[in-house]
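One structure is given here, and the rest of the page talks about it.
The values are calculated or read from the model by the stated rules, or taken from the named source; none is laboratory data. Being a predicted model, the structure only gives us computed values, none of them experimental. All Cβ positions, even for glycine, are placed from backbone atoms using ideal geometry, and neighbour counts span all protein chains on display. For accessibility, only protein heavy atoms count, side chains too; no ligands or nucleic acids. Shrake-Rupley method; radii C 1.70, N 1.55, O 1.52, S 1.80 Å.
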Amino acid sequence: MPSDNKIEASVSDSPAPRAADKILDVARDLFYREGIRAIGVDEIVKRAGVTKPSLYRSFPSKDELAASYLRKYDLEFWERFDEAVDAHPGDPRAQIIAFLTRVGKRTQKPDYRGCGMTNAAVEYPERGHPARVVSENNKMELRRRLRAMAAAMGAADPDTLGDGLLLLIEGAYISGQLFGVGGPAAAVARNADLLIEASLKK
C-alpha cells in the first residue's frame with residue numbers, strides 16, 4: 001500500500017491544466033452565454049488567469065479561438081447525436097425522436113442559449129470566416145445524416161423529410177431562447193414524429 005508521502009507526491013505530480021485548455025474552457029462558457037463578438041480577449045485571459053501572450057501562443061487570433069471553441073462544440077454535438085443513434089440500433093425513427101427529446105428538455109433550462117453553431121453562423125455572415133466554416137460543416141453533415149435516416153425510414157421523399165426535420169431542429173434552437181420554459185421547443189420531438197408519420201410511404 002503506498003505511503004502518505006507517495007500519495008501526496010502523486011497528487012502534486014499530476015499535471016496542472018494547460019493554459020490552452022483553461023483558455024478554451026473559459027472561452028467556451030463566455031462565447032456560448034454572451035456571444036463570440038461580445039467577448040474580448042482581455043475578458044478571457046482575466047477569467048482564465050493567464051496572460052495575453054499565453055493565449056496568442058495557443059491561438060494565433062480570436063477568430064482561431066472561436067473556431068477552436070466550435071470544433072470542441074462540434075465533437076460534443078456528435079457525441080450526443082451518436083448516443084441517441086446507438087441507443088436504438090436499426091431504428092432511425094426512434095433515433096431521431098430520442099435525440100430531439102433531449103433537445104426539447106434542454107430548451108427548457110433557464111440558461112439555454114440555443115445551438116452554438118447556429119449562433120455563430122448568425123454572428124459571422126461572411127463566408128470563409130473560420131468560425132462560420134466550422135458551423136457550416138456541422139449543419140451540412142447534420143442535413144446529410146437526417147436525409148439518410150429519412151431514406152432508411154422509408155419516406156416517400158426522404159430529402160424533403162430530412163430537410164423538414166432540420167428546420168424543426170433549427171426552430172427549436174431559436175424558439176427555445178425566445179420563449180424559454182413552456183415554449184414550443186419542448187414539443188419538438190412530438191412534432192418531428194408527426195412529420196415523420198405523415199411522410200412515410202403509404
Close pairs from region 166-194: first within 14 Å of Asn119 (Cβ to Cβ) and modelled with pLDDT of 95 or more, partner of a type in the set (Val, Ile, Thr) and surrounded by fewer than 20 Cβ atoms within 10 Å (Cβ to Cβ), Cβ under 6 Å, at least 6 apart: Tyr173/Thr118
Selection from region 149-176 of residues that are open to solvent by 50 Å² or more (accessible area, probe 1.4 Å) and more than 13 Å from Val103 (Cβ to Cβ): Ala151, Ala152, Ala156, Asp157, Asp159, Thr160, Leu167
Failed condition for Lys52, given (1) over 16 Å from Glu170 (Cβ atoms); (2) surrounded by fewer than 15 Cβ atoms within 10 Å (Cβ to Cβ); (3) in contact (Cβ under 8 Å) with a residue 24 or more places away in the chain: (3)
Every residue from region 28-49 that is under 20 Å from Asp111 (Cα atoms), of a type in the set (D, E, K, R) and surrounded by fewer than 16 Cβ atoms within 10 Å (Cβ to Cβ): Asp29, Arg33, Glu34, Arg37
Meets criteria (in contact with a Leu (Cβ under 6 Å, 6 or more places away or on another chain) and aliphatic (A, V, I, L, M)) for Ala189: yes
Condition broken by Arg143, with the remaining ones in (1) among the basic types (Lys, Arg); (2) farther than 30 Å from Leu200 by Cα; (3) in contact with a Gly (Cβ under 7 Å, 6 or more places away or on another chain) satisfied: (2)
Complete set of residues in region 138-147 that are loosely packed, with under 14 Cβ neighbours inside 10 Å and either within 15 Å of Ile196 (Cβ to Cβ) or aliphatic (A, V, I, L, M) (or both): Met140
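In region 100-134, how many residues are assigned to a loop (DSSP other than H, G, I, E, B), surrounded by 15 or more Cβ atoms within 10 Å (Cβ to Cβ) and free of Cβ contacts under 8 Å to residues at least 60 places away in the same chain?
Kept after step one, since they are assigned to a loop (DSSP other than H, G, I, E, B), are these residues of region 100-134: 107-115, 124-129.
Then keep just the ones that are surrounded by 15 or more Cβ atoms within 10 Å (Cβ to Cβ); that gives 107-108, 112-115, 124, 129.
Still in the running and free of Cβ contacts under 8 Å to residues at least 60 places away in the same chain: 115.
Total meeting the criteria: 1.
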